[in-house]
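Data block below; observations after.
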Amino acid sequence: MPTPTPYRSLPPERRLALVTHAVKASREGRELYVQRLAARSGFRPVTLRTWAPDRLAKEIVRMKAENANDELELLQLLYVDLEPEIQIAFLDAAGVKHENGTIAEELERPYADADGVRRGATAVREKHGDDGERYLRTIAKYSLDAWPGIDAIVAERADA
């Protein structure tokens, strides 16, 4: 059985909360989800547009209508905007300049050396457990070039 993506490994309630937030926060995002859900569910877009955000989000999560790009955006929403504590712990331990978990725009990739990445991973694992591990898998999947050695660090835990 393939390993689920970091997003799919989130508990359903957290995925629902993220999609609900995304649907409520952006009219354009809501419309994209409406179109995608209409294509999968058989409901007409005009019907889906009348649904409350909570109902729409519940159906999106139930139908697994989020695509890979949505997953990345939802994880970024989680780790940068809604719950930045994990990213802050990682960046602080890695020695990366940031403001409340948002990396400074002027920084170039890679953001830290391999030793800094290892320090960040250790801090996240110690402070955040399974959620921290999911965060590490997220940056390994989507930002491999920014974090030297993160793939090996994640693989160490997967092999254990």
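The values are calculated or read from the model by the stated rules, or taken from the named source; none is laboratory data. Since the model is a prediction, treat every value here as computed from it, not as a measurement. In this analysis, Cβ positions are derived from the backbone assuming ideal geometry, glycine residues included, and neighbour counts consider all displayed protein chains. Keep in mind that these areas ignore ligands, DNA and RNA; they rest on the heavy atoms of the full protein, side chains included. Shrake-Rupley method; radii C 1.70, N 1.55, O 1.52, S 1.80 Å.
Are any residues in the stretch 60-72 surrounded by 17 or more Cβ atoms within 10 Å (Cβ to Cβ), farther than 10 Å from Y33 by Cα and out of contact with any Lys or Arg (no Cβ under 8 Å at 6 or more places or on another chain), and if so, which ones?
Correct list: L72 only.
Pairs under 8 Å by beta carbon, first residue over 14 Å from L72 (Cα atoms) in the stretch 3-19, partner outside any loop (DSSP other than H, G, I, E, B), six or more apart or different chains?
T3/A158; P12/V61; R14/L78; L16/A57; L16/K58; L16/V61
Which ranges mark the helices (runs of 4 or more DSSP H) fully within the stretch 1-104 that have 1 or more residues being of a type in the set (A, V, I, L, M) and in contact with a Pro (Cβ under 9 Å, 6 or more places away or on another chain)?
Because the criterion is at least 1 residues that are of a type in the set (A, V, I, L, M) and in contact with a Pro (Cβ under 9 Å, 6 or more places away or on another chain), the helices (runs of 4 or more DSSP H) in the stretch 1-104 that meet it are 12-25, 27-41, 53-63, 68-76.
Any residue at all in the stretch 110-131 that's touching a residue at least 40 places away in the same chain (Cβ under 8 Å), within 30 Å of R27 (Cβ to Cβ) and either touching a strand residue (DSSP E or B) at 6+ places or on another chain (Cβ under 7 Å) or open to solvent by less than 70 Å² (accessible area, probe 1.4 Å) (or both)?
Taking every residue of the stretch 110-131 in turn, none turns out to be touching a residue at least 40 places away in the same chain (Cβ under 8 Å), within 30 Å of R27 (Cβ to Cβ) and either touching a strand residue (DSSP E or B) at 6+ places or on another chain (Cβ under 7 Å) or open to solvent by less than 70 Å² (accessible area, probe 1.4 Å) (or both).
Scanning for something touching a helix residue (DSSP H, G or I) at 6+ places or on another chain (Cβ under 8 Å), of a type in the set (D, E) and on the phi < 0 side of the Ramachandran plot, does the stretch 93-110 turn up at least one residue?
The answer is no; no qualifying residue exists.
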